[in-house]
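Below you'll find the structure, written out as structure tokens, and then a few comments.
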Amino acid sequence: MSASAPAPRICLEEGCTVAISRTSKGRCKPCALKRLYNDPAIRDRCAAARAAYHARPEVKEANRARMADFMVNMPEAERERRREHGRKMVATRLHTPEAQAKALAARSVPEVKARRARSITRTWLPWLPDDLVEAYRALTRSGLSAADARAALEPEIPGTAAHTARVLANVRDAQRIRRERDQASAY
Ligand SMILES: [Zn+2]
């Protein structure tokens, strides 16, 4: 037998006839990638890595800056294309009787209602923390004006002047009580 060139290797994947190099692990590149993509464990790992990458503050900031820049400098044609798309969505998707009925039904779901109420509160009463919303409602329902209800709750909200004043008053009270106790025990 004379020394002849080794037979060309063919991709292992069934039905694939692509020739592969001597150093290949057995599959041509498209078949190897397809196999990786069809492996749930590998796919999950890729998704997790992608999510971690996009959660990095510097990546988020860069994306935000790029998007803001694009929004400010958007070409007029793109702006008009988006307006047109918006009009079409309103006409064909949002204002149909089915869509309106669906939105109405969604609004009666308790979680959706709560989310909506929270979002409205954050918009109109941005100073009010979530855990005091119920207290605020109780006060205004009992007849207090919005300004009085706010004045009544502000001592509870860290960062406000009223809260600082209350903390200071507490400290002074504690000092006074200690002083009185010390004086009483001096006799
Ligand atoms: Zn192949």
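Bear in mind these aren't lab numbers, they're just calculated from the coordinates by the rules spelled out. These numbers were taken from a predicted model, which means no experiment stands behind them. As a convention, Cβ positions derive from the backbone with ideal geometry for all residues, glycine included, and neighbour counts pool all protein chains shown.
Hey, Glu111 hits all of (1) within 30 Å of Ala151 (Cβ to Cβ); (2) out of contact with any Leu (no Cβ under 6 Å at 6 or more places or on another chain) but one; which does it fall short on?
Tallying (1) within 30 Å of Ala151 (Cβ to Cβ); (2) out of contact with any Leu (no Cβ under 6 Å at 6 or more places or on another chain), Glu111 fails exactly one: (1).
Within the range 139-187, restricting attention to residues that are of a type in the set (A, V, I, L, M, F, W, C) and in a loop (DSSP other than H, G, I, E, B), which residue is farthest from the chain's Cα centre (by Cα)?
Out of the qualifying residues, it is Leu144.
So is Arg22 out of contact with any strand residue (DSSP E or B) (no Cβ under 6 Å at 6 or more places or on another chain), touching a residue at least 12 places away in the same chain (Cβ under 8 Å) and not small (Gly, Ala, Ser) or not?
Against the criterion (out of contact with any strand residue (DSSP E or B) (no Cβ under 6 Å at 6 or more places or on another chain), touching a residue at least 12 places away in the same chain (Cβ under 8 Å) and not small (Gly, Ala, Ser)), Arg22 qualifies.
Residues that are within 16 Å of the ligand (Cβ to nearest atom) and of a type outside the set (Gly, Ala, Ser): find the helices (runs of 4 or more DSSP H) completely inside the range 1-105 holding 3 or more of those.
Passing ranges, in order: 29-37.
Could you tell me which numbered condition Asp130 fails, if it satisfies all but one of (1) surrounded by 12 or more Cβ atoms within 10 Å (Cβ to Cβ); (2) touching a helix residue (DSSP H, G or I) at 6+ places or on another chain (Cβ under 8 Å)?
Going through (1) surrounded by 12 or more Cβ atoms within 10 Å (Cβ to Cβ); (2) touching a helix residue (DSSP H, G or I) at 6+ places or on another chain (Cβ under 8 Å) one by one, Asp130 breaks only (1).
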